[in-house]
Amino acid sequence: MRGERTALRVGETLISLACRRLPARIRQERYQEWLAELPVILRDRDTGPAPVRVVRMLAFAADTLRGTALAPDAYRGAHRGAGARNTAAKSIRWLGTGLLLLGGLLACALFLLAYEGCIVYQLATGPNLAFSVPLVLVNLGFFAASCTPRWASPWLRWYSMGKVVVGAGLSIRAIASLSGWGHPLLFAIISYCGYAISVACLGMAVVQAGRYPSRPQHADQGPGNSLAGP
Amino acid sequence: MTAPLERVFRVFLDDPAALRYGYDLMKAAGLPSGTLYPLLARLQARELVASAWETPRQDGERPRRYYHLTGEGIEVARLELAQLSARRRRGPGRRVRPAPADAR
């Protein structure tokens, strides 16, 4: 399944980064070892629903990277001691990176919320061309991207299409109200329908995310089987 | 002995003959991978833990690596845990302090 492969690919990248810090003689076998755990974590139903398993799998890969960064001597056969002197500084750096990532995620979520809030505000209070025209253009761009094989995704296509309809409805409504042409309610209804479509697509995306790694991936599919090393 | 090491020893000693995968150990010991794997690597370097690769059960399935305590590892783990339990039984309040100079 598409989402599972993407998640595995992200995990593989993190594992690959982790293995770069290891001595060359053990790099390949550690890579194989950790890579073999990723699909197991992803299909471990005891852990919880699919999104939790994905997070757990990515946390496994990220923490393995942290482990090789903080304790590279462990893999060289050395004991804790001289090598662990810089551990505190490294830990702080890792904590900083983690906080930065968390902040980035939070900022993205807030941006998405503000974006949806702006659209709802425009729908409720009355259209503004300075908002609706960029909305149409940006989402036309997303729609075009979702039609390319690299970014092909039905829910992104529908989501951006929904937003295009909202933007187009709002734009026409603004122009109509300025020129006194047509019935503003008709365009309001069109933009409401577009918004409903985009919200439904978001809902579908959430449902898909909840279901996706539940079906076992066939053994000969996906990056989980690639023999490429780190 | 560190707390993660204690947990790993306890998991291994629950069933010393069992073969444990890294992920299973993580779950059983409640340790993250970044703590567990360096620990296992250190134990392997001290030859207290040994590892081997399983034979894949299905075509195309990646082989997994499993770990188990060596004979020496079982002895060391039991000894370390016993010493730890003894220290805990004594408790911090009963720690022996050096006698003051005027008491001699």
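For residues in region A:112-159 being over 18 Å from residue A:206 (Cβ atoms) and of a type in the set (S, T, N, Q), which is modelled with the highest pLDDT?
The selected residue is A:139.
To keep it simple, each residue is scored yes or no on (1) assigned to a helix (DSSP H, G or I); (2) at pLDDT below 85; (3) more than 9 Å from chain B (Cβ to nearest Cβ).
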| residue | (1), (2), (3) |
| --- | --- |
| A:34 | yes, no, no |
| A:41 | yes, no, no |
| A:52 | yes, no, yes |
| A:61 | yes, no, no |
| A:73 | yes, yes, no |
| A:80 | no, yes, no |
| A:89 | yes, yes, yes |
| A:96 | yes, yes, yes |
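If you take the residues in region A:134-158 that are small (Gly, Ala, Ser) and assigned to a helix (DSSP H, G or I), which one is surrounded by the most Cβ atoms within 10 Å (Cβ to Cβ)?
So the residue we want is A:146.
State all residues of region B:1-28 that are within 11 Å of chain A (Cβ to nearest Cβ), assigned to a helix (DSSP H, G or I) and not aliphatic (A, V, I, L, M); if no residue qualifies, say none.
Within region B:1-28, B:22, B:23, B:24, B:27 qualify.
All but one of (1) more than 9 Å from chain B (Cβ to nearest Cβ); (2) within 16 Å of residue A:66 (Cα to Cα); (3) in a helix (DSSP H, G or I) hold for residue A:5; which doesn't?
So residue A:5 meets the others, but not (2).
Considering only residues that are buried (at least 17 other Cβ atoms within 10 Å of the Cβ), in a helix (DSSP H, G or I) and within 11 Å of chain A (Cβ to nearest Cβ), which ones fall in region B:29-76?
Those that are buried (at least 17 other Cβ atoms within 10 Å of the Cβ), in a helix (DSSP H, G or I) and within 11 Å of chain A (Cβ to nearest Cβ): B:33, B:34, B:35, B:36, B:37, B:38, B:39, B:40, B:41, B:42, B:43, B:44.
The values are calculated or read from the model by the stated rules, or taken from the named source; none is laboratory data. The model shown is predicted, which means the values in this text are computed figures rather than measured ones. Using ideal geometry, Cβ is built from the backbone for each residue, glycine included, and neighbour counts are taken over all protein chains shown.
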